[in-house]
1. Report, ordered by the first and then the second residue, all pairs with beta carbons closer than 7 Å, sequence separation of six or more or different chains, a first member in region 44-60 that is farther than 19 Å from Asn116 by Cβ and without any contact (Cβ under 8 Å) to a residue 40 or more places away in the chain, and a second member that is of a type outside the set (Gly, Ala, Ser) and surrounded by 17 or more Cβ atoms within 10 Å (Cβ to Cβ).
2. Output yes when any residue across region 4-24 is assigned to a helix (DSSP H, G or I), over 14 Å from the mean Cα position of the chain (by Cα) and either at pLDDT 95 or above or surrounded by fewer than 15 Cβ atoms within 10 Å (Cβ to Cβ) (or both), and no when none is.
3. Taking region 46-86, which residues are β-branched (Val, Ile, Thr) and over 29 Å from Ser14 (Cα atoms)?
4. Taking region 46-60 on its own, how many of its residues are part of a helix (DSSP H, G or I) and under 18 Å from Met97 (Cβ atoms)?
5. Which residue, of Arg126, Arg108, Arg134, is under 11 Å from the mean Cα position of the chain (by Cα) and either at pLDDT below 95 or not in a loop (DSSP other than H, G, I, E, B) (or both)?
6. Could you tell me which numbered condition Lys95 fails, if it satisfies all but one of (1) basic (Lys, Arg); (2) touching a residue at least 24 places away in the same chain (Cβ under 8 Å); (3) within 23 Å of Glu55 (Cβ to Cβ)?
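The values are calculated or read from the model by the stated rules, or taken from the named source; none is laboratory data. Fair warning: this is a prediction, and the values are worked out from it, not measured in the lab. Positions of Cβ are backbone-derived with ideal geometry, glycine not excepted, and every protein chain shown enters the neighbour counts.
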Amino acid sequence: MKIYTKTGDKGLTSLIGGTRVPKYHLRIESYGTVDELNSYIGLIRDQDISSHDKELLKQVQDRLFTIGSSLASDPDRSKMVIPDLHTSDIELLEKEMDAMNEHLPELRHFILPGGNNTISYCHIARCVCRRAERLSVHLAAESAVDEKVIIYLNRLSDYLFTLARKVAHEGKIAENQWIPRV
């Protein structure tokens, strides 16, 4: 099987279900941003973080493929059975954040991104996740989107922020607090 098909050479691509749409279609932007996020999650997994965090991020990457499949499907035409998100996927992120927060100092200021590469990668992934969430919310205003997709992306961005704080704390790196000029 060749990796190139030439079917997108005119700026169109197919959704699951066969519908052809322009490559700038909101559904394509949504799942393309989820794919970008997944790449950043892979970059975080490649850093010197705990095996527990690496394993959880691998699960997140799997869920992001699930989300991508959901977003890539034409809700009116697709007959393909695709994986689905479960409430337990969202609850896992919440549980992980609660566990991390037990060991983190109280959050009293906004945190500026930075500190080391891993912390910065977490913040970049958080921002891409927020963009994926915004695009998915926009898409949901026009077409069917599983509400768990939006909830999961919302929790994941919070998880990535908390993971950045955990990495800083474990590395004894002072958080880069934003103290506004007044």
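1. The qualifying pairs are Lys58/Arg45.
2. No; the residues of region 4-24 include none that is assigned to a helix (DSSP H, G or I), over 14 Å from the mean Cα position of the chain (by Cα) and either at pLDDT 95 or above or surrounded by fewer than 15 Cβ atoms within 10 Å (Cβ to Cβ) (or both).
3. The one that is β-branched (Val, Ile, Thr) and over 29 Å from Ser14 (Cα atoms): Ile49.
4. Adding up the residues that qualify gives 9.
5. Arg126
6. Answer for Lys95: the failing condition is (2).
Each row is one residue, and each column tells you yes or no for (1) under 19 Å from Ser51 (Cα atoms); (2) crowded, with 18+ Cβ neighbours inside 10 Å; (3) touching a Lys or Arg at 6+ places or on another chain (Cβ under 8 Å).
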position	(1), (2), (3)
Leu85	no, no, yes
Arg108	no, no, no
Arg126	no, yes, no
Leu135	no, yes, no
Ala141	no, no, no
Asp146	no, yes, no
Ile151	no, no, no
Asp158	no, no, no
Val167	yes, yes, no
